[in-house]
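Heads up: the structure comes next, in structure tokens.
Every number here is computed from the coordinates shown, using simple stated rules; none is lab data. Fair warning: this is a prediction, and the values are worked out from it, not measured in the lab. Note: ideal-geometry Cβ built from the backbone for every residue, glycine included; neighbour counts use all protein chains shown.
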Amino acid sequence: MDKWLPSSAPPTARVWGVSALVQAVGDTLSARFSSCIVKGEISGFTKAASGHAYFTLKDEHGQAALRCAMFRRAMSQVDFSPSEGMLVEARGNLALYEARGELQLVVEGLQRAGAGALYEQFLRLKAQLEAEGLFDAARKRAIPRYPQRVAVVTSLAAAALRDVLASLQRRAPHVEVVVVPCMVQGAEAPAQIVSALTAVHLASRSGQQFDAVIVCRGGGAMEDLWAFNDERVVRAIVGCCVPVISGVGHETDVTLADFAADLRAPTPTAAAELVACDRDGALAQLDTVQHHIQNRLSQRLDNMAQRLDQATTRLARPAQVLGHHHQALNLLEHRMQASCVERVRWARQQLPAWQTRLGRAVSVQQARQKQAIQSWDARLSALNPRQVLERGYAWLSHVDGQPITRTDQAKAGELVTGVLADGLLHMHINRVELSKPSLD
């Protein structure tokens, strides 16, 4: 085996130490690329507890990658949340991480590239359509659990179509799938998607009933998925008379079609899984229900058979059944008679006590009534006018019987009658004198 010997090196070659060489390369990079802007897709974004962020920038084809570090101060000035697959422009200094000899970009600023303007347009259109109520949960329809015919709106060349068809064939081969082809990317895609949804809508109205529509395509950048953020596509999804499932992009991709659809699936394959139940699982549930029904039916038949046997036994010997009923009647009659005798005996025992209590109550009531009568008699006697006359008073009245209670009711020369306790006095008034008030 050949070995490299120091003596074979050119006499002018310099021998570098690892640290010196790494530092020299780092200085060269810093001088040559002191400030540069790099465009790429974010991959493996992490944010440490210290506030520093670390991620990798990849090119569109995934053939090159550049590690990036962004310290807390610079990270605090970013006005959006970096995420996997986001296309960004990173501004910073190219340096060499000496501890591992790795090339890295120390990022001083970060902004969305291309998709930034699209994202702002996305937010404005989303707010407008949301204000119109197109995304309201109340208007969303339920997806039939066991569909018979499903429409798939996507491109014939899309890998998403193969995934959907394979999933439906595996899970629910009994479901009829109708593919409505259209472009899913590019300037002409929105109009073709709207046309495909309109075709499904009209076909369903004309009698070719569809249970659900899957609108799908694979993942990509925001520019690639922009057709599903078109206002025309959103309104076509809302206006379709068939429930719509959106399976656009990967799980992290979000489009306005997802908000407008009756159900959002994270991937096209997930949309196929959501649109129809697994046939094997459904058959297993049917088998379970069938066994349960059979068991309950068998139990019911066994119970009815036992009751029938018992009725047959009773009908086979009616005399014995009548004898049992006769014995029961005799027993009830005996118990009723014994109960009546016992009740009468108990009532007779209670009768003297009740009689004594009744007599005592009558006596007490009579005494109370007698006292009350005496009290009322005394009060009436005290109010009797004749008793007053007996005490020496007289009652004066005119000849016509009107009483005289004051001196101004009588006149001189007038005849009056005086009623005393033992008779009447007919008197003639000579003079009327009014009493003068006392000066006391």
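Here are a few things to note about the model shown:
- Projected label points at Ile37 and Trp395, each 7 Å from Cα along the beta carbon direction, are separated by 13.0 nanometres.
- Each residue of the stretch 307-374 gets 128 Å³ once the volume of the Cα convex hull is shared out per residue.
- Between Met304, Met222, Met427, the residue with the greatest mean-square fluctuation in the GNM of the chain (Cα pairs under 10 Å linked by springs) is Met427.
- Long-range HN-HN contacts of Val178 with modeled amide H, under 5 Å: Val150, Ala151, Val152
- Computed over the Cα atoms of the stretch 180-255, pair by distinct pair, the Kirkwood hydrodynamic radius stands at 12.6 angstrom.
- Difference of contour (0.36 nm per residue) and Cα-Cα distance, Thr407 to Tyr97: 97.8 nm
- In terms of its Cα atoms, the stretch 19-113 spans 39, 32, 21 Å along the principal axes, sorted from long to short.
- The residues packed around Leu263, meaning those with a beta-carbon under 14 Å from its beta-carbon, carry a net charge of +1 if Lys and Arg are +1 and Asp and Glu are -1.
- Candidates Ser339, Gly44, Ala90 compared by Cα position along the dipole of the chain: farthest toward the positive end lies Ser339, with charges placed on Cβ.
- Hydrodynamic radius of the stretch 388-428 by the Kirkwood approach over all distinct alpha-carbon pairs: 10.6 Å.
- Pair-distance profile P(r), taking every C-alpha pair of the stretch 290-440, with 10 angstrom steps and integer %: 8, 12, 11, 9, 8, 7, 7, 7, 7, 6, 8, 8, 2
- Debye equation applied to the C-alpha atoms of the chain, log10 I(q)/I(0) at 0.11, 0.12 Å⁻¹: -1.03, -1.10
- With viscosity 1.306 mPa s and temperature 10 °C, the Kirkwood radius over alpha carbon pairs of the stretch 119-279 converts through Stokes-Einstein to a diffusion coefficient of 103 µm²/s.
- The label point for Glu414 and the one for Ala127, both projected 7 Å from the Cα toward the Cβ, are 10.6 nm apart.
- Subtracting the Cα-Cα distance of Thr28 and Ser363 from 0.36 nm times their residue separation leaves 107.3 nm of extension gain.
- Net charge dipole, the chain: roughly 2520 debye, given to the nearest 20, about the Cα centre with Cβ charges of +1 for Lys and Arg and -1 for Asp and Glu.
- C-alpha long axis of helix 159-171 to longest principal axis of the chain, angle in °: 60
- Computed helical MRE - 222 nm, the chain, DSSP H runs ≥ 4 contributing -39500 (n - 2.57), nearest 500: -15000 deg cm²/dmol
- Seen against the Cα atoms of the chain and their longest principal axis, helix 189-205 is set at about 50 degrees.
- Share antiparallel - DSSP beta bridges, the chain, percent rounded to 5: 65
- Dipole-positive endmost among Ala394, Gln409, Leu420 within the stretch 388-428 (Cβ charges, Cα centre): Gln409
- Over the stretch 201-349, equivalent-ellipsoid semi-axes from the Cα gyration tensor in Å: 77, 24, 15
- Remark: the Thr313-Glu251 segment gains 15.2 nm on full extension, using 0.36 nm per residue and subtracting the alpha carbon distance.
- Student exercise, the stretch 388-428 dipole from Lys, Arg, Asp, Glu Cβ charges, in Debye to nearest 20: 100
- Helix 115-131 and the longest principal axis of the C-alpha atoms of the chain enclose an angle of approximately 20°.
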